[in-house]
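Following: one structure in structure tokens, then a few remarks.
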Amino acid sequence: MSVTGRFTFLVALGVVPVVLLGADAGAAWAALGGWLVLAIGLGVVDLSLAASPRRVAVARDLPDRVRLGETVESVVVVRNLGERMLRATVRDGWPPSAGVSGRNRANVDVPPREGRRIAQRLTPTRRGDRRTEAVTIRSYGPMRLWARQATLAAPGRLRVLPPFHSRAHLPSRLTRLRELDGRTPLLIRGQGTEFDSLREYVRGDDVRSIDWRATARRSDPEQPGSMRLMVRTWRPERDRRIVIVADTSRTAAARIGDEPRLDTAFEASLLLAALASHAGDRVDFLAWDRRLRGRVHGAAGPELLARMVDTMAGIDAELVEADWAGLPAQVRRVTSRRALVVLLTAADSPGSARGLLGTLPQLTARHRVVVASVVDPALARAVGRRDELSDVYAAAAAERSRLDAERVAAAVGRLGASSVSAAPHDLPPALADHYLALKAAGQL
């Protein structure tokens, strides 16, 4: 049971006789006591006329998934199973990260044996599963003085997926991929290429590309002047293996710009996976710190991105050190073939990258390795700002951080891997461009 503001105001009116009859204290307090008895009596009568909140059925209509930043509608259907009019306030128990628009309470009047729909707009602010377990119903009487209250179980779950803002870069990269793959075939065969087609020789073509058997088939032996030289063209190989590893250790929890480093890694992983899938390559995804946090293996086409975002949704950074020594075994479980292994991690200081640098030789011995990391754009701004003494100290610290990152990148290069670093919003397209460059050079 609960009391309302109306009942509090009604009781407060009993102070008026005390003020008016202040000279006669006995009469004033007698009037106040009578008023309290009357107010309580009205409250009891009002409570007895209120519908029971436990004779209410609650159903929920909720979408399964939504991307972070998008808005969905959550609907709760309240059905009155009793014989009295239900005058109620209904509160849905969503956590603050679900992003309920406006108040999370709604006033409804439900006649007996009828139902009402209560709609709320949700704009989640965090990835993962946003859950609600119950709906609280407060049922009032006709005078709305006292109310009955009950909490009914009505579980619901909304999975919030990564936003994939980097998909805006996908059309331009697909255009470059089409130019690379088949639309502009290569004339010179090399590692990472496969046969594409035959065409007639034109001046300037490499004579080593001439296919003499095809030339003989296309020529008429009875007409010596009818010989038409045919040359082979090549294109980058398909069906390469791409293994994307996202570091979910403590370094991934740092916020760079307006988002955590882990979210940037997920954006870059999704863009690279979408591009590689269109290129005919097979993509696997691992989320790793000291244990395997998530894995997507054996998916292709639209299923690949669907499984990746579903896996990423429930992964947050853990405040533990990454066990880089265990990563090569995880990659071997995914594929025994040569692959492009992309490590999305922090490579900005020698101390935090020591474990990574110790493991790279095991990976580069069998695979092509790319280390992708986020650069804090605030460092570049701090280096160029030297107006005050504090700015000079900040610029010196920023320059030291940049030199450390360059040392790590140089060490990565000496160990046989390549590095890609950019600001949070620039890292996904930069990694996609690096993949296209490797594919064009036949280095996958």
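The values are calculated or read from the model by the stated rules, or taken from the named source; none is laboratory data. All values derive from a computational prediction rather than experimental measurement. Here Cβ is always computed from backbone atoms with ideal geometry, including for glycine, and neighbour counts include all displayed protein chains. Protein only, heavy atoms only, side chains kept; ligands, DNA and RNA dropped before computing areas. Shrake-Rupley method; radii C 1.70, N 1.55, O 1.52, S 1.80 Å.
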In whole percent, the fraction of accessible protein surface over the chain that belongs to carbon or sulfur atoms, probe radius 1.4 Å, stands at 53
Could you size up the charge dipole of the chain around its Cα centre, putting +1 on the beta carbon of Lys and Arg and -1 on that of Asp and Glu, and report it in debye to the nearest 20? 1100
Trypsin sites (Lys or Arg not before Pro) in region 61-164 lying in a DSSP loop, each with at most 12 other Cβ atoms within 10 Å of its Cβ, come to 103, 113
Per residue solvent-accessible surface (Å²) - the chain, probe of 1.4 Å: 51
For residue 319, project a label point 7 Å along Cα to C-beta. Then give me every residue of region 290-310 with its amide nitrogen under 12 Å of that point. none
Within region 334-354, list the residues whose amide N lies under 20 Å from a label point set 7 Å along Cα→Cβ of residue 400. 347-354
In whole Hz and in residue order, list the ³J(HN,Hα) couplings for region 88-93 that follow from phi through the Karplus curve 6.51 cos²θ - 1.76 cosθ + 1.60, θ = phi - 60°; x for Gly and Pro. 9, 10, 10, 10, 8, x
Work out how much length residue 303 to residue 71 would gain on full extension: take 0.36 nm times their residue separation and subtract the Cα-Cα distance, in nm to one decimal. 81.2 nm
Leaving ligands, DNA and RNA out of it, rank 38, 286 by accessible area with a 1.4 Å probe, largest first. 38, 286
Linear extension gain, residue 199 paired with residue 57, 0.36 nm per residue minus alpha-carbon span: 43.8 nm
Given H placed on each backbone N at 1.01 Å, which residues far from residue 342 in sequence or on other chains put an amide H within less than 5 Å of it? 243, 244, 245, 370
Of the listed peptides 245-255, 339-349, 385-395, 287-297, what is their order by residue-averaged count of other C-beta atoms within 10 Å, with the highest listed first? 339-349, 245-255, 287-297, 385-395
At q = 0.18, 0.24 Å⁻¹, base-10 log of I(q)/I(0) for region 90-134 (Debye sum, equal scatterers on each alpha carbon): -0.60, -0.89
If you project the alpha carbons of region 19-122 onto their three principal axes, what span does each projection cover, largest first, in Å? 69, 34, 16
Might you report the magnitude of the Cβ-based charge dipole of region 201-333 about its Cα centre, with Lys and Arg at +1 and Asp and Glu at -1, to the nearest 20 debye? 680
Whole-Hz Karplus couplings 3J(HN,Hα) for region 268-280, θ = phi - 60° and coefficients 6.51, -1.76, 1.60, Gly and Pro as x, run 5, 5, 5, 5, 5, 5, 5, 5, 5, 5, 5, 7, x
Which residues in region 415-438 have a backbone N closer than 20 Å to a point placed 7 Å from the Cα of residue 168 along the Cα-to-Cβ line? 422-434
Projected onto the charge dipole of the chain (+1 at Lys/Arg Cβ, -1 at Asp/Glu Cβ, origin at the Cα centre), which of 94, 146, 58 gives the Cα projection farthest towards the positive end? 58
Computed on alpha carbon atoms, what radius of gyration and Dmax characterise the chain, expressed in Å? 34.4, 138
Which is farthest toward the positive dipole end of the chain among 29, 80, 353, measuring Cα position about the Cα centre, with Cβ charges +1 (Lys, Arg) and -1 (Asp, Glu)? 80
Row for region 249-407, column shape: gyration tensor on C-alpha, a ≥ b ≥ c, rounded if a/c < 1.5 i.e. under 1.5, prolate if a/b over b/c, else oblate; value prolate
How would 367, 169 rank on accessible area, largest to smallest, probe 1.4 Å? 169, 367
Angle, helix 354-364 long axis vs. longest principal axis of the chain, Cα atoms, 0 to 90°, nearest 10? 40
How large is ³J(HN,Hα), in whole Hz, for each residue of region 304-309 in order, when computed from phi with the Karplus curve 6.51 cos²θ - 1.76 cosθ + 1.60 and θ = phi - 60°, using x for Gly and Pro? 4, 5, 4, 6, 5, 5
